[in-house]
Amino acid sequence: MPPPARGDVLCFATRPAGPAAGPQRTDPTVDEASEPAPPRRLEARGLECVRNDRVLFRDLDAAVGPGYVLQVEGPNGSGKTSLLRILCGLSLPGAGEVRWNGQPLERVRAEYCESLAYVGHRHGVKGELTPIENLRFQRAVAGGASGVSPGEALTRLGLAGFEDVPCRTLSEGQRRRVALARLLTAARPLWILDEPLTALDRTGVAVVEDLICTHARQGGMVLITTHQPIRLEGSALVRLRLGA
Amino acid sequence: MSAGAPPGPLAAAAALVRRDLTLFFRRRAEVLNPLLFFVIVVTLVPLGVGPEAATLRAMAPGVVWVAALLAAMLSLEGIFRSDYDDGALEQLAISPQPLAVLVLAKVLAHWLVSGLPLVLLGPVLGASLFLPGRAMGALVLGLLLGTPVLSLIGAIGVALTVGVRRGGVLLSLLVLPLYVPVLIFGASAASNAAAGLDVSGPLALLGALLALALSLAPPAAAAALRISLG
């Protein structure tokens, strides 16, 4: 059994996020009491994940702030999806904690969920519904600030003309695009994307790269796993390697 | 439209009910199966026990209720299974709305397509077993109070077992003991009415079970879902 991976990268929200962002702290250890309005940031401290008696990672620290893209890398089974699910609040870590804006996730759950867009392996697109119906429903349940209209989001993802076709009849890549359109219909600062490029063709990959870069430039945060090469030019990309 | 106020829990729940009803409507076969089962079981009974009106009349409340209970169990998996398989459940779990409210919305949609038809079919099948007219009211009222309890209790069981492959047997073991009081009070309300006795006792107990299930089942199922997803 390989030794458990340690998080070897720590990235802090030091980069000014667009013209509107003010000066930001670089010291990650200041507690929330001394900071009345902490900048948006997601931090993980000392995370541990055990699956089937195998330690996937231990003592993993990571942080991502406005304007950053954090790419989680590692071979199959190294715990990338587990890490993202822990960061989403879907599963609990064996040890350690996740903090949003300096507060433990359990205490700010509703606020965190209003800031988060998650596109997982199973992307939650209903086959019986059309892309438009899927997006309308997701927007109704998602709450929080909304972004562009479902129709425009689909057009941006290259699905113009497929709005009223049941998703069941679309290809896998097209369904993935429907799932990713969710990123545009809800305005969320934090994107957590688990293998978003799976089944996408070259133009689809380019669209997603563009979405991520634009989001980061506008002060958003992105956590992403992918096995495909992804070009994120012009954005502050940080890599976190699991299963070293 | 993009600048509107963020939808609250009630708007989200309404959207969820609407979506689930659309989904059920678009996969009708799945919904019709338990109803067909209900009808077939009740119509087979006279073939098995003989056509004597007196025997059938005595058995009618119990037969209708047992068949309704088994039909409700057949349809339970539908509450969460497909949402779990395609990841929609994860999206609900990380939405800012209270998960218990969303669970209640899903159970309501499920009851509308699986429980309400049982209530409507109940008197027809009762009549086919010579259940006297004066018992119909108690049978319908009992089913109306009882079938939502079956859906609510079932939701907890499905939420606990949705992550388990082939959790069907486990689900029956978990849920059946909790269904027994509903069966007893529901069937006794109908047979009391058939015998001309007072029905307020069993119906009041069914109502109490419904109040209990309505308040306790959604948070319990929401907590169970978080465990299943984690």
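Residues that are surrounded by fewer than 22 Cβ atoms within 10 Å (Cβ to Cβ) and more than 20 Å from the chain's Cα centre (by Cα) were ranked within the range B:66-89; the one that is nearest to the other protein chains (Cβ to nearest Cβ) is B:GLY87.
Out of A:VAL98, A:VAL72, one residue alone is modelled with pLDDT of 90 or more, out of contact with any Gly (no Cβ under 8 Å at 6 or more places or on another chain) and either on the phi > 0 side of the Ramachandran plot or in the same structural domain as A:SER235 (by TED's automatic domain parsing) (or both). It is A:VAL72.
One residue stands out in the range A:214-229 among those that are buried (at least 17 other Cβ atoms within 10 Å of the Cβ) and out of contact with any Leu (no Cβ under 6 Å at 6 or more places or on another chain): the one that is farthest from A:GLY77 (Cα to Cα), namely A:GLY219.
Among strands (runs of 3 or more DSSP E) entirely within the range A:67-145, having at least 1 residues that are closer than 19 Å to B:LEU102 by Cα singles out A:116-119. Having 1 or more residues that are closer than 23 Å to A:LEU90 by Cα and at pLDDT below 90 is the bar; report the strands (runs of 3 or more DSSP E) wholly within the range A:152-244 that clear it. Result: A:236-241.
A single member of A:ARG182, A:ARG136 is touching a residue at least 24 places away in the same chain (Cβ under 8 Å), outside the structural domain of A:VAL69 (by TED's automatic domain parsing) and among the basic types (Lys, Arg), and it is A:ARG182. State yes or no: is B:ALA127 among the hydrophobic types (A, V, I, L, M, F, W, C) and either in contact (Cβ under 8 Å) with a residue 12 or more places away in the chain or crowded, with 20+ Cβ neighbours inside 10 Å (or both)? When the stated conditions are applied, B:ALA127 does not pass them.
Scanning the range A:116-132 for residues that are among the small types (Gly, Ala, Ser) and surrounded by 20 or more Cβ atoms within 10 Å (Cβ to Cβ), which turns out nearest to the other protein chains (Cβ to nearest Cβ)?
Per the criteria, the residue is A:GLY124.
Looking across the range A:147-166, the residues that are surrounded by fewer than 22 Cβ atoms within 10 Å (Cβ to Cβ) and within 12 Å of chain B (Cβ to nearest Cβ) come down to A:GLY147, A:VAL148, A:SER149, A:GLY151, A:GLU152, A:PRO166.
The values are calculated or read from the model by the stated rules, or taken from the named source; none is laboratory data. Because the structure is a prediction, the values reported are computed rather than measured. As a convention, Cβ positions derive from the backbone with ideal geometry for all residues, glycine included, and neighbour counts pool all protein chains shown.
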